[in-house]
Amino acid sequence: MDAVLEMTNIQKKFGTGHTEVDALTDVNFSINAGQFVSIVGPSGSGKSTFLTIAGGLQRQTSGEILINHTDISKLNEKKRTQIRFDQLGFILQSSNLIPFLKVSEQFALVEKLAKKSLQERVDMLLKSLDIENLKAKYPKELSGGERQRVAIARALCNDPSVILADEPTASLDSKHAFEVVKILAREAHDQNKAIIMVTHDERMTKWSDQVYQIEDGRLSLAE
Amino acid sequence: MFLAWKEMRYAKLRYALIIGIMILVAYVVFMLSGLASGLANGHKKAISDWGSSTIVLSADSNKVASASVLKRADLNRAKTANTNKAAVGLFATAAQKSGSKTKTNVAIFGAQKRSFVVPKIIKGRLYQNAHEIIISKNLSDEGYHIGDQIKLASMTHKFKIVGITKATTYSVEPVIYLNLDAFTTLKYGSQPFSSASQKPISLIAIKHKTPKQVTVTTGTSDTKVAKMSTATLIQNLPGFSAEKITLNTMIDFLFIVVAAIVGIFLYVMTLQKTVLFGVLKAQGVRTRYLVGTIVSQSFIVGAAGVILAFILGYLTSLILPEAMPFTIDGMQWLSDGLILILVSIVGGLFSIRTVTKVDPINAIGGE
Ligand SMILES: Nc1ncnc2c1ncn2[C@@H]1O[C@H](COP(=O)(O)OP(=O)(O)O)[C@@H](O)[C@H]1O
Ligand SMILES: [Mg+2]
């Protein structure tokens, strides 16, 4: 199988001298299309740093990171922004929805920016996530679980290869949290997407194809 | 534009408020501008109605028409076709209707009845002798009618109103035209002059397509003259520039106020959206698009405010009292409106740096 995201020997240091922090040390990671992978670790272990580097939001101190075989840390800011738009989807802790857009308009914005119609794909996603009836609502009119389902559809609508989910269940009660994780697993398999979920909650890992744990910036496969 | 519109729709009240403020400021600008044009017209209209290109005054008048004294013979010194030059006498005084106690201040122009400076008659006829006069419509509105005998200055004999021209003013007073002889007696009484050509006039008005080609000869015994464009003469009308500068300074100040108000408003709105902008940037939305959103919003606020203030200003002009010197100068309003829109966009530009500085990294892992 071909890896859609591949990280080799990633180091990330913050600060210099005696204030130096090793946020990531010797991180090796890869994920294929159709895989749902969880990364579990306590607060301060380096989860957010991992995701921001994987998402091209900051650069590693050393190591290589390939998204569909392109080393994104070697690209300029404009190209990285374009890659984020075309190939990555983000699902954030609370919500990555725009408060002043109705659900259907969240997708309309992506269509405008992508300069192409995503209508069919959006309809399919809304149906599959069972949120068709929320189209005309503003984010603040949705429950936490509904909001995350819309966020998942938003992340998937431009057909990215990799989805990065940053504690997507943190603001949900466990019933809705499990539901969201199950949806992520299902979409990874049905849509053939590589989905990476970062969480501090071990209970959320049981639907994952692979579980990593991260501690003090070191990533390893969980037993 | 999509995000810009949608946000304005969502935060209706806030944007309605800022547009409301924009309307008020733009309205004040239009009113001041109308007043400036009205006052300017009040000073100069009779002169700009001539359609002359060039004015000749005596050199010692320091460009002030009322201080200039030339002779009728000086008309021959202006080298241009006879139909294109006019000797004009200028005199400010008060008019009084026979049998009435009220006096009305008027500006009096003396001119040969066939000269181009004499305005079109809209009622009655032109003066035929030194005892007949024509008056502007705004003077007739004050109770002066064709056929009335009126007293001018301290003259003992009366003048008869024989015609009415369209409304016009000079020095913010209504206007009377009469012939040059009438002017001479009005201003100089029974003072004798050696010949008609020695009788004084105030200025020579010249109409020429290429004003530069107009020359005025000066012999050794001739009065020294100053040749200037009609615009220069108008600029030097007493009070004209001072009033204009005062009102225009107020308007300019309001332009700065608009930039500040729109700038501060959009800056606050931007600060409230930094987290959202971070998320959008993380999702691959370009900074240029976000900046475009803010600029569009400042444009919409400016344009909506200007258009509504335009309508409001026009409606106000319909109910303003006649006596108020208020004129809608379309080009002036248009340029004021465009500047208002421009400065509100400038206000929007204040926020660009803030948007540029938002780091998408804060979208992730931020609590
Ligand atoms: N911008 C930064 N500057 C300095 N230290 C940082 C910065 N970002 C993260 N760190 C440090 O790196 C480590 C990992 O942080 P983070 O990736 O946020 O962990 P997590 O998301 O698992 O809580 C922590 O020790 C944190 O203090
Ligand atoms: Mg974190």
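Summary of values
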{"read-out": "Potential extension, residue A:61-residue A:223 segment - 0.36 nm per residue separation minus Cα distance", "value": "55.4 nm"}
{"read-out": "Percent of beta bridges antiparallel (DSSP, region B:116-212, rounded to nearest 5)", "value": "65 percent"}
{"read-out": "Computed [θ] at 222 nm, helices only, for chain A once each DSSP H run of length n ≥ 4 contributes -39500 (n - 2.57)", "value": "-10000 deg cm²/dmol"}
{"read-out": "Chain B: DSSP helices with Cα axial extent of at least 15 Å and average Kyte-Doolittle hydropathy no lower than 0.5", "value": "B:12-50, B:240-272, B:287-319, B:330-349"}
{"read-out": "Convex hull of region B:1-48 built on C-alpha atoms - directionally averaged projected area, nm²", "value": "4.7 nm²"}
{"read-out": "Accessible-area order (highest first, 1.4 angstrom probe) of the listed residues B:353, B:114", "value": "B:114, B:353"}
{"read-out": "Calculated from backbone phi, Karplus (6.51, -1.76, 1.60) coupling profile of region A:25-38 in Hz, x at Gly/Pro", "value": "10, 6, 8, 10, 7, 8, 9, 9, 4, x, 9, 10, 10, 10"}
{"read-out": "Zero-based 10 Å bins, Cα pair distances in region B:233-274, whole percents", "value": "25, 27, 20, 15, 10, 3"}
{"read-out": "Calculated FRET value between residue B:195 and residue B:16, using beta carbons and R₀ = 60 Å, to 0.05", "value": "0.20"}
{"read-out": "Accessible area in the full protein assembly, largest first, 1.4 Å probe, for B:155, B:22", "value": "B:155, B:22"}
{"read-out": "Inverse mean reciprocal Cα-Cα distance (Kirkwood Rh) of region A:137-223, Å", "value": "13.8 Å"}
{"read-out": "√(5λ) per eigenvalue of the Cα gyration tensor, region B:293-367, largest first, Å", "value": "41, 12, 8"}
{"read-out": "Loop trypsin sites (Lys or Arg not before Pro), region B:1-104, which have at most 12 other Cβ atoms in a 10 Å radius of their Cβ (DSSP)", "value": "B:101"}
{"read-out": "Protein-only accessible surface order, largest first, of A:2, B:329 at 1.4 Å", "value": "A:2, B:329"}
{"read-out": "Distance from region B:70-145 to region B:161-214 (C-alpha centre basis), Å", "value": "6 Å"}
{"read-out": "Largest-first principal axis extents of the Cα set of region B:67-168 (Å)", "value": "46, 28, 22"}
{"read-out": "17 Å cut-off, amide nitrogen to a point 7 angstrom out along residue A:209 Cα→Cβ, residues in region A:15-57", "value": "A:29-39"}
{"read-out": "Region A:184-223 - percent relative contact order, Cα under 8 Å, separation 6 or more", "value": "24 percent"}
{"read-out": "Local net charge near residue B:100, Cβ-Cβ under 10 Å (Lys/Arg +1, Asp/Glu -1)", "value": "+3"}
{"read-out": "Peptide B:276-283, shielding by other chains (average Cβ, 10 Å cutoff)", "value": "6"}
{"read-out": "Extended-chain gain in nm, criterion 0.36 nm per residue less alpha-carbon gap, residue B:357 and residue B:153", "value": "66.0 nm"}
{"read-out": "Note, ³J(HN,Hα) from phi for region A:109-124, Karplus 6.51, -1.76, 1.60, rounded to Hz, x at Gly and Pro", "value": "4, 4, 4, 5, 6, 7, 6, 8, 7, 10, 3, 4, 5, 5, 4, 4"}
{"read-out": "Estimated 222 nm signal from helices in chain B, with DSSP H stretches of n ≥ 4 weighted -39500 (n - 2.57), rounded to 500", "value": "-15500 deg cm²/dmol"}
{"read-out": "Value of Rg to Rh for region A:143-190 (Rh from inverse mean 1/r over Cα pairs, i.e. Kirkwood)", "value": "0.94"}
{"read-out": "Region A:112-174 and region B:288-367: distance between their alpha carbon centers, rounded to Å", "value": "35 Å"}
{"read-out": "Accessible area expressed per residue, the protein assembly as shown, with surrounding protein chains retained (probe 1.4 Å, Å²)", "value": "46 Å²"}
{"read-out": "With all protein chains modelled, accessible area of residue B:312 [1.4 Å, Å²]", "value": "70 Å²"}
{"read-out": "Separation of the residue A:74 and residue A:200 label points, Cα + 7 Å toward Cβ, nm", "value": "3.7 nm"}
{"read-out": "Rh (Kirkwood; distinct C-alpha pairs) - chain A, Å", "value": "17.8 Å"}
{"read-out": "Inter-probe distance in nm under a simple model that places probes 7 Å from Cα toward Cβ, at residue A:192 and residue B:311", "value": "5.6 nm"}
{"read-out": "Amide H partners (placed H, <5 Å) of residue B:94, local residues excluded", "value": "B:106, B:153"}
{"read-out": "Percent antiparallel among DSSP beta bridges (both partners in chain A, rounded to 5)", "value": "50 percent"}
{"read-out": "Shape category assigned to the protein assembly as shown from the gyration tensor of Cα positions, a/c cut at 1.5", "value": "prolate"}
{"read-out": "Positive-end extreme of charge dipole, region B:188-285 - chosen from B:245, B:266, B:200 (charges on Cβ)", "value": "B:200"}
{"read-out": "Region B:187-232: translational diffusion in µm²/s, Stokes-Einstein, Kirkwood Rh over Cα pairs, 10 °C, 1.306 mPa s", "value": "118 µm²/s"}
{"read-out": "Fraction of antiparallel bridges per DSSP, the protein assembly as shown only, in percent to nearest 5", "value": "65 percent"}
{"read-out": "Stokes-Einstein D in µm²/s, Kirkwood radius over Cα pairs - region B:217-367 at 4 °C with 1.567 mPa s viscosity", "value": "66 µm²/s"}
{"read-out": "Theoretical gain in end-to-end length, residue B:92 to residue B:62 [0.36 nm per residue, Cα-Cα removed]", "value": "8.9 nm"}
{"read-out": "Values of log10 I(q)/I(0), in the order q = 0.12, 0.13, 0.15 Å⁻¹, for chain B under a Debye, Cα-only, solvent-free model", "value": "-0.90, -0.99, -1.19"}
{"read-out": "Modelled FRET efficiency - R0 30 Å, residue B:128 with residue B:208, Cβ distances, 0.05 increments", "value": "0.55"}
{"read-out": "Modelled FRET efficiency - R0 35 Å, residue A:112 with residue A:174, Cβ distances, 0.05 increments", "value": "0.40"}
{"read-out": "Total formal charge among the other residues, if their Cβ is under 12 angstrom from that of residue B:151, Lys/Arg +1 and Asp/Glu -1", "value": "+4"}
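The values are calculated or read from the model by the stated rules, or taken from the named source; none is laboratory data. A quick note: this is a predicted structure, and the numbers were derived from the prediction, not measured. Please note: Cβ atoms are built from the backbone with ideal geometry, for glycine as well, and neighbour counts cover all protein chains shown. Heads up: the accessible areas ignore ligands, DNA and RNA and are worked out on the full protein's heavy atoms, side chains in. Shrake-Rupley method; radii C 1.70, N 1.55, O 1.52, S 1.80 Å.
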